[in-house]
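Contents: one structure, followed by commentary.
Just so you know, all these numbers are worked out from the coordinates, no wet-lab data involved. These numbers come from a predicted model, not from an experiment. Ideal geometry is used to build each Cβ from the backbone, glycine not excepted, and the neighbour counts take in all protein chains shown.
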């Protein structure tokens with residue numbers, strides 16, 4: 001894959017990507033990207049995480065992609081679906097004041113929708129988790145994704161294609177009141 005690091009070996013590229021984005025994710029713990037949980041906000045998160053690696057950081061993909069047997073939204077529907085999802089977040093006042101079970105439900109729903117929309121060529125999971133972390137922060141909760149193992153998060157994300165509620169146990173495990 002074309003990258004700013006001029007790394008041609010996929011294994012080496014993934015290792016460099018993980019190292020660079022881990023540093024960026026740590027920076028976001030101290031200085032979250034402020035926004036209104038819009039498409040622009042999500043793109044700014046993605047750009048920050050991946051700008052040192054990919055020229056397409058912060059831009060929506062223009063190709064059809066999938067993983068295993070799951071195909072993500074086609075490129076021509078990404079913006080429309082993100083607009084609908086972001087309108088839902090805004091209409092519901094970012095879920096502020098929701099009782100904990102309803103907040104968990106809404107965070108899981110938004111996360112599952114973002115996962116299936118899959119707006120970027122690479123790095124969707126990291127960008128989505130940061131977006132959800134910042135939405136939780138807006139509701140006075142911290143999310144420590146390290147409290148769940150990567151396999152549980154991945155498995156729940158895959159299951160959420162059919163039922164978004166598969167993400168609730170992972171979110172419940174990772175959320176703490178700040």
Which distance in nm do the two modelled labels at residue 2 and residue 100 give, with both placed 7 Å along the Cα-to-Cβ direction? 4.9
Arrange 52, 83 by Cβ neighbour counts within 10 Å, fewest through most, would you? 83, 52
Contact order relative to length of the chain, as percent, for alpha carbon pairs under 8 angstrom and 6 or more apart: 20
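What do you get for Rg/Rh of segment 25-125 when both radii come from the Cα atoms and Rh is the Kirkwood radius?
Working: Rg = 14.2 Å, Rh = 14.6 Å.
So for segment 25-125, dividing Rg by the Kirkwood Rh gives 0.97.
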For segment 94-141, state the semi-axes of the equivalent ellipsoid (square roots of 5 times the eigenvalues of the alpha-carbon gyration tensor), sorted largest first and rounded to whole angstrom. 21, 11, 6
What value, in deg cm²/dmol to 500, does the helix sum -39500 (n - 2.57) over DSSP H runs of n ≥ 4 give at 222 nm once divided by the residues of the chain? -18000 deg cm²/dmol
Fewest-first ranking of 130, 51, using other Cβ atoms within 10 Å as the exposure measure: 51, 130
Full-extension gain between residue 88 and residue 15, please, as 0.36 nm times their residue separation minus the C-alpha to C-alpha distance. 22.7 nm
Compactness index (Cα Rg / 2.2 N^0.38 Å), segment 84-178: 0.99
At what distance in nm do the modelled label points of residue 138 and residue 25 sit from each other, each positioned 7 Å from its Cα along Cα→Cβ? 2.2
P(r) of the chain over all Cα-Cα pairs, 5 Å bins starting at 0, rounded to whole percent, reads 1, 8, 17, 21, 22, 18, 9, 3, 1, 0
Rounded to whole Å, give me the distance from the Cα center of segment 75-119 to that of segment 156-173. 14
If you fit an axis through the alpha-carbon atoms of helix 100-117 and take the longest principal axis of the Cα set of the chain, what angle between them do you get, 0 to 90°, nearest 10? 30
Under 11 Å from a label point 7 Å along Cα→Cβ of residue 176: give me every residue in segment 130-167 with its amide N that close. 142-147
Tilt of helix 75-91 relative to the longest C-alpha principal axis of the chain, in degrees (0 to 90, nearest 10)? 30
Pick from 68, 87, 112: which residue has the top mean-square fluctuation in a GNM of the chain where Cα pairs under 10 Å get a spring? 68
